[in-house]
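Encoded as structure tokens, the structure appears first; notes follow it.
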Amino acid sequence: MSRILLIVGGGIAAYKAAELIRLARKAGHMVTPVLTAGGAHFVTPMSLAALAESPVYTSLWDLKDEAEMGHIQLSRAADLVLVCPATADLVAKMAAGIADDLATTLLLATDKPVVVVPAMNVRMWQHAATQANIAALRTRGITVIDPDEGPMACGEYGPGRLPEPAAILAQILPDTESGSGAVGATLAPLAPLHQPAASPPPRSGEALKGRHILVTAGPTHEPIDPVRMIANRSSGKQGFAIAAAAAQAGARVTLIAGPVALPTPGGVARIDVETADQMAAAVEAALPADVAILVAAVADWKVVASARKLKKADGAPRLEFAANPDILATLGQHPDRPRLLIGFAAETDNVVANASAKRLAKNADWIVANDVSGDVMGGDHNRVHLITAAGAKECPEATKEEVAQYLIRRIIEDLA
Ligand code: CTP
């Protein structure tokens, strides 16, 4: 028998806390619920009290409780403190040491093992702030159970869902079936709790091992004369995020970058170029590759440049243009064509129709169609459609990192 102090945060997954209490009680454990103000929007103290057969604590300022059982005592009269579901807010407060309600005060005061089971929107989970907070908690010896992956709006797997209560209990109290779990002894280390229903992609590090992935990113600069050039507004952020995600998944990554002010992601081999001609040559030299993802905003035209600086006195220049190589179309017909060839298409209108036409015209496997009617160029967010032979899939607006993760997951599935 273990004594669990269960902190129930606010979130749609709070209803699963009720099931968790029921299962824990059935297995002979004692559960003392603490309900945050947010949690009380989703489940009532009454239902938790009925299932736990215990008073439910909600407020730091309940004088009766402080007299009978102060928060220090409450946090220590347990074998284990379980935060389930833990919201992004609760995780952030724990990381920062904030104690502004009963739950966070208990968490700061406890000397018992703490297990946190986060559940939140996938973007909130993946946000750098949340990930930094989770890492801080783990560094301090708090056990964090990764959320489950589940179907997202894009149709792919995304982490953020609360694992099933039975799985949580099985992990924190492995002896629950027999009812003899000794919490302190069974807490660490926890086995990974990650068994989504249908064939999920491997999580990281290994999935693209042994693959060579070629990425182009950023703008090109096309010189007009020795001091002037034609450029575009591409920041390179999306391509760099994709290169980073591919490297994290274990691929050997060659990133051919136009002129951008971005740091090279870890584990990525970067080749800096300026013009479309240089980018085309660098891509050719980097072959063969298993996958090529051409994200660069390559100038379609180059200027027949003047060897000497154009002078004002010469009058308004009449620039002459010549076609640049189309790198994507060239790869589409290349004897060393990558097995998976992915282009991007920046469109302001008829996004799907234009991008689908581009896919066929350039013999690409997929086109990621960017709707650039807003502030996508240079911004941190992207709104994309993924166009494949099977049709077009619209993804909700996401950060460029999320788009990169999504794309890499799809690539892993495709190569598998
Ligand atoms: N691309 C390329 N080489 C070029 C032009 C484009 O490799 N010279 C690639 C881009 O990296 C992108 C895709 O082709 O993956 C689509 O580029 P985009 O400029 O949107 O398409 P275009 O063919 O130039 O069509 P348009 O400008 O008419 O929309």
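The values are calculated or read from the model by the stated rules, or taken from the named source; none is laboratory data. Bear in mind that the values here come from a model prediction, so they are computed numbers and not experimental data. A quick note on method: Cβ atoms are made from the backbone with ideal geometry, for glycine too, and the neighbour counts reach across all protein chains shown.
Inside the range 82-97, can you point out the residues that are buried (at least 24 other Cβ atoms within 10 Å of the Cβ) and within 13 Å of residue 35 (Cα to Cα)?
Selection gives 82, 83, 84, 85, 86, 90.
For (1) at pLDDT 95 or above; (2) aliphatic (A, V, I, L, M), each residue gets a yes or a no:
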site	(1), (2)
234	no, no
248	no, no
254	yes, no
265	no, no
293	yes, yes
305	no, yes
312	no, no
Has the range 371-384 got any residue that is of a type in the set (S, T, N, Q) and more than 16 Å from the ligand (Cβ to nearest atom)?
no
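So that you can scan it fast, the table gives a plain yes or no per residue for (1) in contact with a helix residue (DSSP H, G or I) (Cβ under 9 Å, 6 or more places away or on another chain); (2) at pLDDT below 90:
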residue: 89; (1), (2): no, no
residue: 99; (1), (2): yes, no
residue: 114; (1), (2): yes, no
residue: 125; (1), (2): yes, no
residue: 145; (1), (2): yes, no
residue: 159; (1), (2): yes, yes
Report, by residue number, each residue of the range 302-349 that is away from the ligand (no atom under 13 Å from the Cβ), surrounded by fewer than 17 Cβ atoms within 10 Å (Cβ to Cβ) and under 28 Å from the mean Cα position of the chain (by Cα).
339
Options 305, 316, 299, 292; residue that is more than 16 Å from residue 223 (Cβ to Cβ), in a loop (DSSP other than H, G, I, E, B) and in the same structural domain as residue 226 (by TED's automatic domain parsing)
316
In the range 373-399, anything surrounded by 20 or more Cβ atoms within 10 Å (Cβ to Cβ) and either touching a residue at least 24 places away in the same chain (Cβ under 8 Å) or out of contact with any helix residue (DSSP H, G or I) (no Cβ under 7 Å at 6 or more places or on another chain) (or both) is listed as 376, 382, 385, 386, 387, 395, 398
So, in the range 274-301, exactly how many residues are surrounded by fewer than 18 Cβ atoms within 10 Å (Cβ to Cβ) and within 8 Å of the ligand (Cβ to nearest atom)?
1
